[in-house]
1. Which of the residues spanning the range 74-107 are assigned to a loop (DSSP other than H, G, I, E, B) and touching a strand residue (DSSP E or B) at 6+ places or on another chain (Cβ under 8 Å)?
2. Could we say that N311 is farther than 30 Å from E359 by Cα, more than 43 Å from the chain's Cα centre (by Cα) and buried (at least 16 other Cβ atoms within 10 Å of the Cβ) here?
3. Taking T427, is it under 12 Å from L172 (Cα atoms), β-branched (V, I, T) and either in the same structural domain as L204 (by TED's automatic domain parsing) or out of contact with any Ser or Thr (no Cβ under 9 Å at 6 or more places or on another chain) (or both)?
4. For the range 255-271, which positions are at pLDDT 85 or above and either closer than 16 Å to K160 by Cβ or outside any helix (DSSP H, G or I) (or both)?
5. Looking at A252, A234, A207, which is the one that is of a type outside the set (K, R), in contact with a Cys (Cβ under 6 Å, 6 or more places away or on another chain) and assigned to a helix (DSSP H, G or I)?
6. Keeping to the range 157-183, report how many residues are farther than 17 Å from D220 by Cβ and of a type in the set (V, I, T).
7. So, Q444, is that one surrounded by fewer than 18 Cβ atoms within 10 Å (Cβ to Cβ), closer than 30 Å to L278 by Cα, in the same structural domain as A166 (by TED's automatic domain parsing) and in contact (Cβ under 8 Å) with a residue 24 or more places away in the chain or not?
8. Has the range 231-238 got at least one residue that is at pLDDT below 90 and exposed (fewer than 14 other Cβ atoms within 10 Å of the Cβ)?
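The values are calculated or read from the model by the stated rules, or taken from the named source; none is laboratory data. Computed from a prediction, not measured in an experiment: that's the story for all the values here. When we count neighbours, we look across all protein chains shown, and the Cβ atoms used for this are built from the backbone with ideal geometry, even at glycine.
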Amino acid sequence: MINLILAFTLAAVEPFEAASPAAVLHQTDTVAADTSATVITLEKALEIALSGNATVRVADKEIEAKGYALKGSYAALFPQVAASGSFNRTLKKQVMTMDIGGASQSFEVGRWNTVNAGISASMPLVNAQLWKSLSITGEDVELAVEKARNSKLQMVTQVKQAYYSALLAKELHQVYRSVYENAVANCELTEKKYNASKASELDLTRARTAVANAVPNLYDSQNAIILSLWQLKALMGVDLDLSIDVADSLLAYSDGLAYMAPEQIDLSGNSSLRQLELQAAELADNIKMQKYANLPTLSASFAYQVNAMENEFNFSEYQWHPYSTVGLSINIPIFTGGRNYHSVKQAKVQQQQLAIQREDAERNLRVSIMSSLNTMDMAGKSYASAKEALESANKAYDIASKSYEVGRSTLTDLGDAQLALTQARLTVCQAIFNFLNAKAVLEQTLGDDYVLENNPENE
């Protein structure tokens, strides 16, 4: 896993002989030495991400859009009022023929100009299908809110993991820096011994090789810091050119490296299951709405119109004739060709599909929870073991270093001690990182909402 995190290679690495140890350390400390960098805590990173992350902002806009859709759907309950008007110019009048006194006579009827204006209103009084559709629209808003919550849960997990990755990269950089510094010190000591004819040329070559081998890891670890900070900035939604640094130390989280497994797994807060439950409720209401399509509907209507028919365009002298109506209309569905019946059948099949999806989702979520708990348990045990190994490795390296200095041990013994020390330090860092990563995933799976500290909205 460590190799995966540090699988970043530079396009070109200068040979060890081309740079002094001080120059190498200076080059690899560029990030840490940047005093202009904005130092942020995990709390601050999450606060910025919750307001600047693109996914969260899009989810919030979706809630806003669904809210407007809900308000718009209620308009169907209110009277629908419309005004109308028309003007017609007769090009050729209609001719009417009548028998008068035994003789047939024809004459034109109507006037050249016909003007109509009016206002109409209609309002549903009884419409069960409409009422049920309003509740479905309200459930759409609830589903949008839950989807936005899920986006925030995912974003919080991603920011936490990116932040922990940056902490791990910094810790590994310190480990490889220490390895490089020890290699340089041992090389200088071996060179002095060689000049005093107390060490062989083979020892000197091995010491220089150890220094050269430590350089790539030092550069790679620095590059890992840069890339992890870029990833964190991208998730926070800030300018990638902004110089930032993480405030904490990965080892500072070792005190909380214990998580008690719950006696009973509670998935009531899981966002995926909540969304499926909301979809199931919406689908059940949709079935009812399809059934309500077979019920009669009652609506009221009102109309008021005025019209005038004249030959001239002198509108002020037109004679207007009003006309108004008010009424009730009932619509009783009798036969629709089985459309409503098949719509209900289709909705019930979708309901069965949703039940299968929920069962499968719950099963996978329980597997995910057990995996996270197992990873945390193994990480905790690995940390405890690696911590003891680190104490022994530190002591062994000190002894080997002093023994080599006085000529009681070989360079190979010192190299073995250094390797054991490095492995122990890397294992400690990796165990903490694995625990924190698994804990973040577990909190997302359980649906633990992240609450910003000192936020008046959460009080």
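1. Scanning the range 74-107 gives F78, P79, T90, K93.
2. no
3. yes
4. L267, S268, G269, N270
5. A207
6. 2
7. no
8. No, there is no match, as no residue in the range 231-238 is at pLDDT below 90 and exposed (fewer than 14 other Cβ atoms within 10 Å of the Cβ).
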